[in-house]
Amino acid sequence: MTEISSSFIQILANANNVVVLTGAGVSAESGIKTFRDPDGLWARFNPAELASPKGFMSNPELVWEWYQHRREIVHESKPNPGHYAIAELETLVPYFTLITQNVDRLHQQAGSKIVYELHGNIIENHCFRCGKPYIGEVAFADKTLPKCPECGGKIRPSVVWFGEMLPEDAIRESEKATNHCDVFFSVGTSTEVYPAASLPYHAKKMGAYVVEINPNDTSFSSQANLKIKEPSGQAMPEIIRLLKEYKKGNQ
Ligand code: BV8
Ligand code: ZN
C-alpha cells in the first residue's frame, strides 16, 4: 500500500467541494473488464466497429451480441470496496459530485446518490430512430432484433457511442462541479476518451488538487498533484479510513 500522506488527508478534510471522476478501472475489481487493458473489452473488438452508430447500423446483430454479453457480466457483478468507499466519501464532505464514464451502474448499487453518467448506461434501451425508451425484454436469443413499437425503429442500448453527443445535463453539471472543486479524484481511467478526459486537466487548470488513482500511468499522470499507483479497491477505502481518523482527532 503506498503511504498516503497526512498532508493530502488534511487537504481532503478541509475541502469544501470534492469531485470524483471514475472509469472502467473502478469496476475491474468487480470482474468487469476494462476497455484498454491488454485483456480488455476492445482487445477482441475494434471500438469504432461496435460502439458507434455506424458500427450498429452496419452490423446490428454483432453489436447486440457484444452488448448482451457485457450485460450478462454486469448483471452478475457486484460493487467492490472502491465503489463503497466513493459512496461513503459523499457523506464525509460538504459538496460532492460523482461523474462516471462507466455504464454498469455499480456506483448506484453501492449507494451513491447522484451519479452523472457521461456515457449512458448498459441497463436501459431506447429506439435509435425516435429515441423512445424501450422497456420490453430484449431476448435476442432468436437473433431477431427488437423493434420500436411506436415507429418500428431499431432498439439500441442506452450507452453513448463514439461520435455521439454526451447527455447535455450530465456534461454540464460535470463541468460546473469541476470548475469549482477543491479536490478532484481521477480514478480508474486511462484519460483517453473526450470530452470526459478533459475534466482532470480542467480541474488542475482551475486550481484544484488533483489525485490520480490508477496502478498504471496515464497521459494525465505527470500533471497530478498526487499519484496513487494502487487499485481503487484498496486506495479508496484507505483514504476513507485515514480521513475519518483525521476528522475524529480534530473534532
Ligand atoms: C463526443 C460507452 C461530440 C459505450 C464509451 C475531442 C473532443 C471531443 C470528442 C473527441 C475528441 N477527440 C476525439 C473525439 C471523439 C471520441 C474520443 O474521445 N475518441 C478517443 C478514443 C480519442 N469521443 C467521442 O466520440 C464522444 N462524443 O465527443 O461527441 C463529438 C461528436 C462527433 C465528433 C466529434 C465530437 C463519445 C465518447 C463516449 C464513447 N463511449 N463507452 C460502451 O461502453 O460500449 S467510451 C469507453 O471508454 C467507456 O465509456 C470507458 O469508460 C471510456 C473510457 O475508458 P476508461 O474508462 O478510461 O477505461 P480504459 O480501459 O481506457 O482504462 C481503464 C484504466 O483503469 C486504465 O488506465 C487502467 O490502468 C486502470 N485500472 C485497471 N484496473 C484498475 C485500474 N484503476 C484503478 N483500479 C483498478 N483496479
Ligand atoms: Zn421508435
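The values are calculated or read from the model by the stated rules, or taken from the named source; none is laboratory data. All of these numbers come straight from a predicted model, not from anything done at the bench. So basically every Cβ, Gly included, is an ideal-geometry build from the backbone, and we count neighbours across all protein chains shown.
Overview of results
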quantity: Members of segment 149-199 found to be assigned to a strand (DSSP E or B), of a type in the set (Gly, Ala, Ser) and buried (at least 23 other Cβ atoms within 10 Å of the Cβ), listed by number; calculated: 186
quantity: Candidate set: segment 107-129, residues that are of a type outside the set (S, T, N, Q) and within 22 Å of residue 59 (Cβ to Cβ); chosen: the one nearest to ligand 2 (Cβ to nearest atom); calculated: 127
quantity: Residue in segment 74-91 that is within 30 Å of residue 242 (Cα to Cα), more than 19 Å from the chain's Cα centre (by Cα) and either of a type in the set (A, V, I, L, M, F, W, C) or away from ligand 1 (no atom under 12 Å from the Cβ) (or both) present; calculated: yes
quantity: Close pairs from segment 239-251: first β-branched (Val, Ile, Thr), partner modelled with pLDDT under 95, Cβ under 9 Å, at least 6 apart; calculated: 239/4
quantity: Condition check for residue 30: of a type in the set (Ser, Thr, Tyr), modelled with pLDDT of 90 or more and more than 21 Å from the chain's Cα centre (by Cα); calculated: no
quantity: Of all residues in segment 192-206 being over 17 Å from residue 116 (Cβ atoms), in contact (Cβ under 8 Å) with a residue 12 or more places away in the chain and more than 6 Å from ligand 1 (Cβ to nearest atom), the one that is farthest from the chain's Cα centre (by Cα); calculated: 206
quantity: Scope segment 121-137; condition part of a loop (DSSP other than H, G, I, E, B) and either touching a strand residue (DSSP E or B) at 6+ places or on another chain (Cβ under 6 Å) or free of Cβ contacts under 8 Å to residues at least 12 places away in the same chain (or both); matching residues; calculated: 128, 131, 135, 137
quantity: Single residue of 73, 86, 11, 4 found to be more than 21 Å from residue 191 (Cα to Cα) and at pLDDT 95 or above; calculated: 11
quantity: In segment 207-225, the residues that are of a type outside the set (D, E, K, R), more than 9 Å from ligand 1 (Cβ to nearest atom) and crowded, with 18+ Cβ neighbours inside 10 Å; calculated: 208, 209, 210, 211, 220, 224
quantity: Subset of segment 1-47 that is of a type in the set (Gly, Ala, Ser) and within 9 Å of ligand 1 (Cβ to nearest atom) - its residue that is surrounded by the fewest Cβ atoms within 10 Å (Cβ to Cβ); calculated: 40
